[in-house]
Amino acid sequence: MAAAHGNTEAQSTYKELQSALHRLGCPPNYPNVTLFSVFTSPVGGRGLKAVKDIPRGTPIICEKELFWVVNGTVGAIQARDPHFQALFCPPNNPTPQGRFEANRFQMGKDTEGRQKEGIFEKASRLNHSCVPNAYFAWNYKSRRLTVHAIVDVPKDAEIFVNYCADEHLMDRQQRQQGLGSYQFNCTCQACQPNTNFGMASAQRRQEMQTLDTRIDNNANNTLPVERSQQLIDIKAFSLLLQQEGLFYPQLADVYQLEVSWYIREIEQFADGTGSTRYRMGLLEEALEVARKQLEWDVACTGHDSPEVKKTSRTLKVICGLGQ
Ligand SMILES: [Zn+2]
């Protein structure tokens with residue numbers, strides 16, 4: 001019986017994943033075609049530009065590192081790598097260390113739990129935008145850095161990623177400080193304070209920062225009125241992220257918060273109290289949000305990522321609550 005149950009679960013997970021891929025309309029495997037070329041970027045240095053239309057969710061790069069370090073210092077042998085030497089080097093720090101700091105990506109942890117930072121032949125060419133059209137993630141299962149289009153990227157557009165975590169919660173000054181080691185002065189649409197988008201963006205990011213703190217502080221509140229407020233805050237956060245545009249990995253995280261809220265609420269009625277109709281309504285909401293989360297997990301990190309696996313497990317938990 002257990003084996004049969006396991007098979008049903010596997011089939012259900014497979015079905016959810018296929019539905020998410022279908023909604024995205026993207027190929028489940030890494031394409032063999034090259035989607036970008038290296039070019040001289042108008043924002044500085046060399047960048048990557050789309051050589052054809054790239055639909056959202058498309059894997060653009062899946063790459064192994066040239067080398068990695070754990071102490072933030074590039075070694076003499078690594079500095080001689082010709083691919084590394086071909087990467088951008090900041091004029092005010094024309095040393096291997098300066099080149100390393102301008103091109104590194106965070107990877108997973110080493111066996112002793114130390115943060116690894118790597119240099120990549122292709123991905124290290126990616127320039128930054130505070131409103132990116134692509135997302136990079138370290139897939140610790142495949143041990144590759146992946147880059148996915150998070151919106152439809154038109155042919156000839158430059159491919160941009162966020163360099164720092166939590167940029168959606170930072171004002172312009174904080175973002176510029178975070179970009180310090182990359183020797184990069186961002187001039188994206190969110191960094192233009194006198195435009196409509198720039199002003200609206202500054203306000204949205206401030207509101208998101210307030211909401212983020214409040215959601216975090218109220219995570220363990222239990223009174224019904226406090227729980228209701230928590231869901232209102234999570235939904236408001238989700239809306240702001242969508243209005244700001246292009247923050248889909250963070251949107252997946254907020255969906256996860258929302259799903260957790262529904263699961264906690266459903267568990268309140270595990271003893272049979274409360275109306276069945278209310279409980280079923282919560283289950284339906286939870287399933288819908290978890291499916292949206294799965295879709296963004298696939299779009300941002302690929303169908304084979306640890307994030308997709310985790311959300312698939314959550315979907316199974318929700319389905320289990322309905323039985
Ligand atoms: Zn910017």
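Quick grid of which residues meet (1) within 21 Å of GLN268 (Cα to Cα); (2) at pLDDT 90 or above; (3) not assigned by TED's automatic domain parsing to the domain that holds LEU287:
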position	(1), (2), (3)
ARG214	no, yes, no
ALA219	yes, no, no
THR222	yes, no, no
ARG227	yes, no, no
GLN242	no, no, no
GLY245	no, no, no
TYR248	no, no, no
LEU251	no, no, no
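Considering every residue within region 167-187, establish whether at least one is open to solvent by 50 Å² or more (accessible area, probe 1.4 Å) and within 17 Å of the chain's Cα centre (by Cα). Looking through region 167-187, none of the residues is open to solvent by 50 Å² or more (accessible area, probe 1.4 Å) and within 17 Å of the chain's Cα centre (by Cα).
Please go through region 122-163 and pick out each residue that is in a loop (DSSP other than H, G, I, E, B) and within 11 Å of the ligand (Cβ to nearest atom). Those that are in a loop (DSSP other than H, G, I, E, B) and within 11 Å of the ligand (Cβ to nearest atom): SER129, CYS130, VAL131, PRO132, ASN162, TYR163.
Rundown of residues vs (1) open to solvent by 60 Å² or more (accessible area, probe 1.4 Å); (2) touching a strand residue (DSSP E or B) at 6+ places or on another chain (Cβ under 6 Å); (3) not hydrophobic (A, V, I, L, M, F, W, C), yes/no style:
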site	(1), (2), (3)
ASN217	yes, no, yes
LYS235	yes, no, yes
LEU241	no, no, no
TYR255	no, no, yes
TRP261	no, no, no
ILE266	no, no, no
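Considering region 164-195, and only residues there that are without any contact (Cβ under 8 Å) to a residue 24 or more places away in the chain and assigned to a helix (DSSP H, G or I), the residue that is nearest to the ligand (Cβ to nearest atom) turns out to be GLN176.
Residues of region 39-65 being in a strand (DSSP E or B), hydrophobic (A, V, I, L, M, F, W, C) and open to solvent by 10 Å² or more (accessible area, probe 1.4 Å), which ones?
Within region 39-65, PHE39, ILE60, CYS62 meet the criteria.
The values are calculated or read from the model by the stated rules, or taken from the named source; none is laboratory data. Because the structure is a prediction, the values reported are computed rather than measured. When we count neighbours, we look across all protein chains shown, and the Cβ atoms used for this are built from the backbone with ideal geometry, even at glycine. Side chains are part of the model used for accessible areas, which takes the heavy atoms of the whole protein and leaves out ligands, DNA and RNA. Shrake-Rupley method; radii C 1.70, N 1.55, O 1.52, S 1.80 Å.
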